């Protein structure tokens, strides 16, 4: 059995400065010890001295040596024939899988996968930064077909996977936190592929949902975004990345416009959209004695948003109630309501680590509304979703219970699937 692989030349990288330990959430006194008195563990020089040097002197860009590896790289496009067990282990040892068994990408299987698109196998789809060789690498339709085979895709799934790849986004982020991603599919392609948008849509029960989401992970891994202590620094990681919460929107049961239409596409177009962020919180029961806005206030108190962003995934029952009984005729009507009514204390907002790390600097520069919020007493209430357009409402579910998922995931972009058919 033969399997297809790729290797690429070396290039350059930017300088990095390391702190002795992670510094997020530390007091000013502790930061002083780490940054001013502490040494970079890689160079044994004071961190502050390295920062000043980088900021005040011209930097010579050097070609760093690739990180040592226990696996010998081969320049051939095709690996030597071997047993299936050995090839499975080889792919794992080389860091080309998510740790689960793959479908080995033989020439025959890749050629069959390529029948799913009319695009040329040699056409460039996207580029990604190769952390091993320090270079931007071009990935072709054939390369993406290889990852689709590995994930277990059918040829008819390939246009969706190509559309995902065309956005050039990795599902895996180089963060020390549990950063996650989500995929949403809209338009006719949902039903053509038999994707699940109803009961158990996020559960591991649907082939298309599972495989398309996994393909994004595998291409991200093969693009070099899964190198521990090089691109992966997350202390615990994120299990959502196995298939990136890949789901279709339940357009048929939604009383509102589909998500891709909200973003300017036509209803008859097939589109895939990406979302990225840190936290997704499941509702544990229906909103009985409180409104959904009140329930979301309680949930978002634990995950304050950056730049007013949120993605709220609601069952069709909730959408129908909001429109038919509460008068919210469009998603934007309800997003404005949430923007005005979700409140939290200024103290809870500013004492959240990622807000303190990423937003305090904006407040100190006078950027509004952060500057005004920063001057408020801790018990003063603020409306953190001050940009209703940054709140995304998605309708998914099988109407067995009016539940939702609340997240501070931000919308990253959309791509046409039809362009890759």
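Is it true that some residue in the stretch 89-105 is assigned to a loop (DSSP other than H, G, I, E, B), in contact with a strand residue (DSSP E or B) (Cβ under 8 Å, 6 or more places away or on another chain) and surrounded by 19 or more Cβ atoms within 10 Å (Cβ to Cβ)? Scanning the stretch 89-105 turns up at least one residue that is assigned to a loop (DSSP other than H, G, I, E, B), in contact with a strand residue (DSSP E or B) (Cβ under 8 Å, 6 or more places away or on another chain) and surrounded by 19 or more Cβ atoms within 10 Å (Cβ to Cβ).
When the stretch 400-421 is limited to residues that are over 19 Å from the mean Cα position of the chain (by Cα) and in a loop (DSSP other than H, G, I, E, B), the one that is surrounded by the most Cβ atoms within 10 Å (Cβ to Cβ) turns out to be 402.
Checked against (1) in a loop (DSSP other than H, G, I, E, B); (2) out of contact with any strand residue (DSSP E or B) (no Cβ under 6 Å at 6 or more places or on another chain), residue 297 meets all criteria but (1). Among the residues making up the stretch 255-278, those that are touching a helix residue (DSSP H, G or I) at 6+ places or on another chain (Cβ under 8 Å) and crowded, with 23+ Cβ neighbours inside 10 Å are 256, 270, 271, 272, 273.
Flag set for residue 319, criterion: touching a strand residue (DSSP E or B) at 6+ places or on another chain (Cβ under 8 Å) and either assigned to a helix (DSSP H, G or I) or within 30 Å of residue 251 (Cβ to Cβ) (or both). A single member of 148, 163, 128, 153 is in the same structural domain as residue 397 (by TED's automatic domain parsing), in contact with a strand residue (DSSP E or B) (Cβ under 7 Å, 6 or more places away or on another chain), under 25 Å from residue 237 (Cβ atoms) and buried (at least 19 other Cβ atoms within 10 Å of the Cβ), and it is 128. For the stretch 65-87, the tally of residues that are modelled with pLDDT of 50 or more, surrounded by 11 or more Cβ atoms within 10 Å (Cβ to Cβ) and within 21 Å of residue 231 (Cα to Cα) stands at 1.
Take the residues in the stretch 106-120 that are free of Cβ contacts under 8 Å to residues at least 24 places away in the same chain and part of a helix (DSSP H, G or I); name whichever of them is nearest to residue 144 (Cα to Cα).
At the first step, the residues of the stretch 106-120 found to be free of Cβ contacts under 8 Å to residues at least 24 places away in the same chain are 108, 111, 120.
Keeping just the survivors that are part of a helix (DSSP H, G or I) gives 108, 111.
On the way: 108: 15, 111: 12 Å.
Ranking the qualifying residues of the stretch 106-120, first place goes to 111.
Against the test of being more than 30 Å from residue 327 (Cα to Cα) and free of Cβ contacts under 8 Å to residues at least 24 places away in the same chain, the options 243, 206 yield a single qualifying residue, 206.
Yes or no: the stretch 178-188 includes at least one residue that is surrounded by 18 or more Cβ atoms within 10 Å (Cβ to Cβ) and either modelled with pLDDT under 95 or outside the structural domain of residue 408 (by TED's automatic domain parsing) (or both).
Filtering the stretch 178-188 down to residues surrounded by 18 or more Cβ atoms within 10 Å (Cβ to Cβ) leaves 179-187.
After this cut, where a residue has to be either modelled with pLDDT under 95 or outside the structural domain of residue 408 (by TED's automatic domain parsing) (or both) as well, the list is 179-180.
Yes, the stretch 178-188 contains a residue that is surrounded by 18 or more Cβ atoms within 10 Å (Cβ to Cβ) and either modelled with pLDDT under 95 or outside the structural domain of residue 408 (by TED's automatic domain parsing) (or both).
A quick yes/no check of all residues on (1) part of a loop (DSSP other than H, G, I, E, B); (2) closer than 28 Å to residue 332 by Cβ:
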position: 356; (1), (2): no, no
position: 361; (1), (2): no, no
position: 366; (1), (2): yes, no
position: 371; (1), (2): no, yes
position: 377; (1), (2): yes, no
position: 386; (1), (2): yes, yes
position: 389; (1), (2): no, yes
position: 394; (1), (2): no, yes
position: 398; (1), (2): yes, yes
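Yes or no, residue by residue, for (1) within 25 Å of residue 182 (Cα to Cα); (2) at pLDDT below 95:
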| position | (1), (2) |
| --- | --- |
| 350 | no, yes |
| 357 | yes, yes |
| 372 | no, no |
| 380 | no, no |
| 408 | yes, yes |
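No other residue among 347, 366 is more than 30 Å from residue 201 (Cα to Cα) and either free of Cβ contacts under 8 Å to residues at least 12 places away in the same chain or touching a strand residue (DSSP E or B) at 6+ places or on another chain (Cβ under 8 Å) (or both) apart from 366.
Taken over the stretch 134-145, the criterion of being touching a helix residue (DSSP H, G or I) at 6+ places or on another chain (Cβ under 9 Å) and surrounded by fewer than 20 Cβ atoms within 10 Å (Cβ to Cβ) is satisfied by 137 alone.
The values are calculated or read from the model by the stated rules, or taken from the named source; none is laboratory data. The shown structure was predicted, so the numbers you read here are calculated from the model rather than taken from an experiment. Glycine also receives a Cβ, built like all others from the backbone with ideal geometry; neighbour counts cover every protein chain displayed.
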